[in-house]
Amino acid sequence: MVLPIYLLGTDELRVETSDVKEDSAELQKLIDDMIETMHAAKGIGLAAPQVGRLERLFVVDVSPMEEDFEESGVPMPDQPMVFINADIVAESEEDSEFEEGCLSIPDVHEVVERPEALRIRYLDREFNQREEEYDGILARVIQHEYDHVDGVLFIDHLTAFKRRLLKRRLQDIREGRADASYPVLAKDLGVIEPEE
Ligand code: NI
């Protein structure tokens, strides 16, 4: 089931989420719905707060970037990926810059500097404990989604000057004036379906 994506301005996006306590049919359904929602919105990552859920959970699917993996020679892990109760345990000192966007902040794209590589410990959807290292696009998407489960958005990483330039557009989005091609949910307005 495709869920509405919560827009900037909703309280859920600013909450530090809680660990998932146990596996359940309800959790597995939420994971399926989040993957379906991410695909429907043509996103490459989606975190639970973006569908109004306060679990420490996010999904990633970088398969649209398959060519980048082929060029780099690094094999792409099976997609989509599910990260439950993730913990970034190490990050590279080296940073990289990459233009990011967010399904909760439609049509805003800005360059963000983040560590180039990381090591992350997490449970997959079968609740297997994993610890893996990622760099490049996967490290980028994982850090963006990991921020979400801590209540942090990519615009928080921008300079005050950049944020000031974006102020009006961000305010429009907060008030539900977002031009998204997928259903969104705005604070006080509820669900807004995309225009045909
Ligand atoms: Ni995002």
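Selection of first residues in the stretch 5-17 that are touching a residue at least 60 places away in the same chain (Cβ under 8 Å) and of second residues that are basic (Lys, Arg) and in a helix (DSSP H, G or I), restricted to Cβ pairs under 9 Å at least 6 apart or on distinct chains, gives the following pairs, ordered by first then second residue: 7/174; 8/174; 9/174; 10/174. Scanning the stretch 39-50 for residues that are within 12 Å of the ligand (Cβ to nearest atom) and either open to solvent by 50 Å² or more (accessible area, probe 1.4 Å) or in contact with a helix residue (DSSP H, G or I) (Cβ under 9 Å, 6 or more places away or on another chain) (or both) turns up 43, 44, 45, 46, 47, 48, 49, 50.
What number of residues in the stretch 126-143 are exposed (fewer than 13 other Cβ atoms within 10 Å of the Cβ) and either polar (S, T, N, Q) or within 11 Å of the ligand (Cβ to nearest atom) (or both)? Count: 2.
Restricting attention to the stretch 59-90, the residues being in contact with a Lys or Arg (Cβ under 7 Å, 6 or more places away or on another chain) and open to solvent by 40 Å² or more (accessible area, probe 1.4 Å) number 3. Looking across 94, 100, one residue alone is of a type in the set (Asp, Glu) and away from the ligand (no atom under 13 Å from the Cβ). It is 94.
Out of 118, 165, 158, 170, one residue alone is over 19 Å from residue 37 (Cβ atoms), away from the ligand (no atom under 12 Å from the Cβ) and open to solvent by 80 Å² or more (accessible area, probe 1.4 Å). It is 165. The condition of being surrounded by 15 or more Cβ atoms within 10 Å (Cβ to Cβ) and closer than 27 Å to residue 62 by Cβ does not hold for residue 192.
Filtered by the rule that a residue be open to solvent by 40 Å² or more (accessible area, probe 1.4 Å), more than 30 Å from residue 20 (Cα to Cα) and not acidic (Asp, Glu), the stretch 173-185 gives 177, 181. Suppose the filter is under 15 Å from the mean Cα position of the chain (by Cα) and open to solvent by 10 Å² or more (accessible area, probe 1.4 Å); does residue 101 pass it? When the stated conditions are applied, residue 101 passes them.
Residue 146 passes every criterion in (1) more than 16 Å from the ligand (Cβ to nearest atom); (2) crowded, with 19+ Cβ neighbours inside 10 Å; (3) closer than 29 Å to residue 25 by Cβ apart from (1).
Taking (1) within 22 Å of residue 128 (Cα to Cα); (2) of a type outside the set (Val, Ile, Thr); (3) out of contact with any Gly (no Cβ under 9 Å at 6 or more places or on another chain) in turn, residue 58 satisfies each apart from (3).
The values are calculated or read from the model by the stated rules, or taken from the named source; none is laboratory data. Everything numeric here is computed off the predicted structure, so don't read it as measured data. Note: ideal-geometry Cβ built from the backbone for every residue, glycine included; neighbour counts use all protein chains shown. Protein only, heavy atoms only, side chains kept; ligands, DNA and RNA dropped before computing areas. Shrake-Rupley method; radii C 1.70, N 1.55, O 1.52, S 1.80 Å.
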